[in-house]
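Inspection log for the structure reproduced underneath, given as structure tokens.
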Amino acid sequence: MRILIAPDKFKGTLSAREVGEAIAAGIREVLPDAKIDIVPMADGGEETAEVISEALGASWMKCKAHDPLNREIEARYGWIEKRKLAVMEMSEAAGMRRLKPAELNPEIATTFGVGEMISCAGSQGADQIIVGLGGSATNDGGFGMARALGFRFYVGSKELNGPIHELEKLTRIVAPSPAASRLPLPEGEERGEGNTTMEIIAAVDVRNPLLGENGATRIFGQQKGVTPDKVKEFERALTRLADVVADEFGFDHRNESGAGAAGGLGFGLLTFCGAKIRPGFDVVAESVGLEQKIADVDLVITGEGSLDRQTLEGKTPAGVARLARKVGKRVFAFVGRATEDREVRELFDGVYTNARPGMSEEENMKRAAELLRENARKLARNL
């Protein structure tokens, strides 16, 4: 029997690779002759760069950058020389993992370091950059990133460098000279000779717009430290940013799907880098050749920490299940916990959960690998 295991991470517990290895270990205890292929997956959230880089044989490049609170750090990104492709995650510079819980401060947290990483990859000679948008500590709409890439923001003659609420008074944005930049900039001046543009792909795992009830601030702001009394202030700042962009450059990306990803960095990449927003799962699946791998096996296993309604919004288990159905393969999900929602569960031929009656969430997470092996033995016996 040929089995493909293509899981996402169990956030805060196991990496995607560790999830796959735990499931494989359980299956082999019952089916020792099974041929098992583990393909770690991601959907634009954290680990996206690692998964793609591993699949494509990338080397890791280091560059100097700044964290969300503007402290100097050493960041890294994957580099595939033969394709001139850089693969990075915004969270490497501007993620919550760079901060202690007490340090969360979205008023001053900046994506400046993300712009530094993009600039570094451009200097390396990148023709294409994939940026995973997940795990952000910021809510600046890409304001910091744009400044790192040479954009200047003004109130009258005063240049703005933060905090975010200053954007409420924004009157003018000046783009860097196209002759000195490889970005597909919003203004159409001539470029320097031989100065070709880079293609930037923003890999997202959410579909939220920049503003409004389903926007970056109201849906994701609280987890970054946006208090209820500050929500309207952030909305005004990001609204003004979008308004001035529309006035200055003649386009408006605020309502595009994914613009609200990573605290509005999706909007920033669309606006200031000419990026294309794509579902992160699709980007990763193409990079690892997932559909062909599924076609070559008898059975597919996927999973991640939680199976719920959000799973339907481009998360790894749903993406794997749909590809499996497309080529007529059985597919099972291994998860930490699962909803009873019929639409979600019907994606799979079976759902195996780590949750046990009377078990706390803390114990569930602590014993995740052990419980995955136990569930894998159950599936193998059923097979």
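For segment 99-143, a tally of residues being out of contact with any strand residue (DSSP E or B) (no Cβ under 7 Å at 6 or more places or on another chain) and among the β-branched types (Val, Ile, Thr) returns 5.
Looking for something polar (S, T, N, Q) and open to solvent by less than 50 Å² (accessible area, probe 1.4 Å) - is there at least one such residue anywhere in segment 67-77?
no
On the stretch given as segment 197-226, residues that are open to solvent by less than 70 Å² (accessible area, probe 1.4 Å) and farther than 14 Å from Ser257 by Cβ total 11. Within the set Asp252, Asp229, the sole residue that is modelled with pLDDT of 95 or more, in a loop (DSSP other than H, G, I, E, B) and open to solvent by 30 Å² or more (accessible area, probe 1.4 Å) turns out to be Asp252. The test for being outside any helix (DSSP H, G or I) and of a type in the set (Gly, Ala, Ser) holds for Gly358. Scanning segment 33-84 for residues that are without any contact (Cβ under 8 Å) to a residue 12 or more places away in the chain and closer than 30 Å to Asn161 by Cα yields a total of 2. Of everything in segment 361-383 that is of a type in the set (S, T, N, Q) and crowded, with 18+ Cβ neighbours inside 10 Å, the residue that is nearest to Ala333 (Cα to Cα) is Asn375.
When you check Glu21 against the structure, is it out of contact with any strand residue (DSSP E or B) (no Cβ under 8 Å at 6 or more places or on another chain) and either under 21 Å from Gly319 (Cβ atoms) or not small (Gly, Ala, Ser) (or both), yes or no?
no
Just so you know, in segment 137-168 the residues that are within 26 Å of Ser123 (Cβ to Cβ), in contact with a Lys or Arg (Cβ under 8 Å, 6 or more places away or on another chain) and open to solvent by 10 Å² or more (accessible area, probe 1.4 Å) include one that is modelled with the highest pLDDT, and it is Glu159. Taken residue by residue, segment 256-276 has at least one member that is among the β-branched types (Val, Ile, Thr), surrounded by 24 or more Cβ atoms within 10 Å (Cβ to Cβ) and within 22 Å of Ser91 (Cα to Cα). Picking from residues in segment 4-63 that are buried (at least 21 other Cβ atoms within 10 Å of the Cβ) and hydroxyl-bearing (Ser, Thr, Tyr), the one that is nearest to Val206 (Cα to Cα) is Thr48. Restricting the search to strands (runs of 3 or more DSSP E) fully inside segment 262-354 and requiring at least 3 residues that are without any contact (Cβ under 8 Å) to a residue 60 or more places away in the chain gives 330-338, 350-353.
The values are calculated or read from the model by the stated rules, or taken from the named source; none is laboratory data. Computed from a predicted structure; not experimentally measured. When we count neighbours, we look across all protein chains shown, and the Cβ atoms used for this are built from the backbone with ideal geometry, even at glycine. Calculation scope for accessible area: heavy atoms of the full protein, side chains included, ligands and nucleic acids excluded. Shrake-Rupley method; radii C 1.70, N 1.55, O 1.52, S 1.80 Å.
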